[in-house]
Amino acid sequence: MNHHTEHPPTFLDTLSRPLRSLRLSVTDRCNLRCQYCMPEEEYVWLPRKEILTLEEVSGLVDIFAELGVDKVRLTGGEPLVRRDLAALVKMIAHNQRIKDLAITTNGVLLAESAQSLYDAGLHRVTVSLDTLRPDRFTALTRRDFHDKVLDGIKAAGQVGFTGLKIDTVVMRGVNEDELIDLLEFGRQISAEVRFIEYMDVGGATLWSMNRVFSRAQILEVLTRRYGHIEPVAPVSAAPADRFVLPDGTVFGIVASTTTPFCRTCDRSRLTADGTWYLCLYAQHGIDLRSPLRAGVSKAELISTIVSGWTRRSDRGAEERKEMRSREVLIPVERLRADPHLEMHTRGG
Ligand code: SAM
Ligand code: SF4
Ligand code: SF4
């Protein structure tokens, strides 16, 4: 292995997909309770002593970076409820191999943390926002924080972040009537809106195919309003299909449910307690915390990661799509017994 050369080695999985992008779930806790992610009243949280320290996370990121990871996204739970997140950003931003360091946040705490995240060297911000209507927001998230989210979005622009993105999960009967309003909102604040199909991930215990508003339906609504919509040629393995309206506004659609993109998926996920998942839908992960805390050598950690990735054959969303009758992925009882199966642990 040529760790010392300028370009890290490329490890391919069984479907020839490179190890390139890492999502770090820095906490499983959240200050919202979105229907499609955390529909229950009570949750079993990861034990505190098992949560990796910021130094442990950043040490693992450094190893992943040596193995080819150059994109890191901070997520959760809600990443901004993790204390000292800016310190972690600083450590990761320091690693020259990481070319793209982004966060996905619900925005509630963004107004107060945007400046420190920017100063720490965070590159990009994505805020999840499903509705522009305060009452709807409260119904969807069971918390009354719509104003805070809007303030957070504003603050991100004010402190200097560019390339802001707004992620919207579109659900039939919930917010599919807001596509145009959200696009207009995005245009006003120079943010690129990405519409995400409702997915049957762990935690989405209220999911049903009837509530999925598909990419085709989204395009139909927008074409009726704006006229011809042109696809934009893809620039990376990013999951969003991008489109441009006649006036030049660009938006994205992440069609994970009806048109999965597992073929090119270079993503893996590290939970806050150091379990490494090779797919959003994977039922088992690879424990990196135990070897790390047992003090194994770096070479051993590297070999665990490399052997995990080179054996990877996951194509969870495609397999779900191939199922004839598609029920809720994981029943509530199993989620309660194993919080690792939750989307809010896994990090979306
Ligand atoms: N709390 C942060 C947030 O909401 O942005 C980060 C974690 S959240 C799990 C990451 C993303 O997953 C959010 O954009 C959220 O909307 C999305 N998500 C959660 N459950 C989903 C589902 N069932 N289908 C599609 N997207 C989902
Ligand atoms: Fe909502 Fe994100 Fe929290 Fe899930 S983790 S409940 S999507 S804010
Ligand atoms: Fe990647 Fe798994 Fe999502 Fe497919 S389902 S795109 S393999 S994370």
TODO: Please find, within segment 83-105, the residue that is nearest to residue 238 (Cα to Cα) out of those that are touching a Leu at 6+ places or on another chain (Cβ under 8 Å) and in contact (Cβ under 8 Å) with a residue 60 or more places away in the chain.
DONE: 104
Open item on the list: All but one of (1) within 16 Å of ligand 3 (Cβ to nearest atom); (2) in a loop (DSSP other than H, G, I, E, B); (3) in contact (Cβ under 8 Å) with a residue 40 or more places away in the chain hold for residue 16; state the number of the condition that does not hold.
Closed with: (3)
Open item on the list: Can you tell me which of (1) modelled with pLDDT of 95 or more; (2) touching a strand residue (DSSP E or B) at 6+ places or on another chain (Cβ under 6 Å) is the one residue 296 doesn't meet?
Closed with: (2)
Open item on the list: Here's a check for you: in segment 95-134, which residue that is open to solvent by 40 Å² or more (accessible area, probe 1.4 Å), under 23 Å from residue 61 (Cα atoms) and touching a Lys or Arg at 6+ places or on another chain (Cβ under 9 Å) is nearest to ligand 2 (Cβ to nearest atom)?
Closed with: 124
- [ ] Being within 16 Å of ligand 3 (Cβ to nearest atom), open to solvent by 20 Å² or more (accessible area, probe 1.4 Å) and not in a strand (DSSP E or B) is the filter here, so list the residues in segment 241-264 that pass it.
- [x] 258, 259, 260, 261, 263, 264
Task: Flag if residue 195 is aromatic (Phe, Trp, Tyr), touching an Asp or Glu at 6+ places or on another chain (Cβ under 7 Å) and buried (at least 18 other Cβ atoms within 10 Å of the Cβ) - done: no
- [ ] Being within 16 Å of ligand 3 (Cβ to nearest atom) and in contact with a helix residue (DSSP H, G or I) (Cβ under 6 Å, 6 or more places away or on another chain) is the filter here, so list the residues in segment 19-47 that pass it.
- [x] 19, 22, 37
Open item on the list: Yes or no: segment 285-307 includes at least one residue that is open to solvent by less than 20 Å² (accessible area, probe 1.4 Å), within 12 Å of ligand 3 (Cβ to nearest atom) and either touching a Pro at 6+ places or on another chain (Cβ under 7 Å) or of a type outside the set (Ser, Thr, Tyr) (or both).
Closed with: no
TODO: Mind listing whichever residues of segment 329-348 are within 16 Å of ligand 2 (Cβ to nearest atom), open to solvent by 20 Å² or more (accessible area, probe 1.4 Å) and of a type in the set (A, V, I, L, M)?
DONE: 329, 332, 343
Open item on the list: If a residue counts only when it is touching a helix residue (DSSP H, G or I) at 6+ places or on another chain (Cβ under 7 Å) and among the charged types (D, E, K, R), which helices (runs of 4 or more DSSP H) contained entirely in segment 94-165 have at least 2 such residues?
Closed with: 146-159
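The values are calculated or read from the model by the stated rules, or taken from the named source; none is laboratory data. The shown structure was predicted, so the numbers you read here are calculated from the model rather than taken from an experiment. Heads up, the Cβs are rebuilt from the backbone with ideal geometry, glycines too, and the neighbour counts pull from every protein chain shown. Side chains included, ligands, DNA and RNA excluded: accessible areas come from the protein's heavy atoms. Shrake-Rupley method; radii C 1.70, N 1.55, O 1.52, S 1.80 Å.
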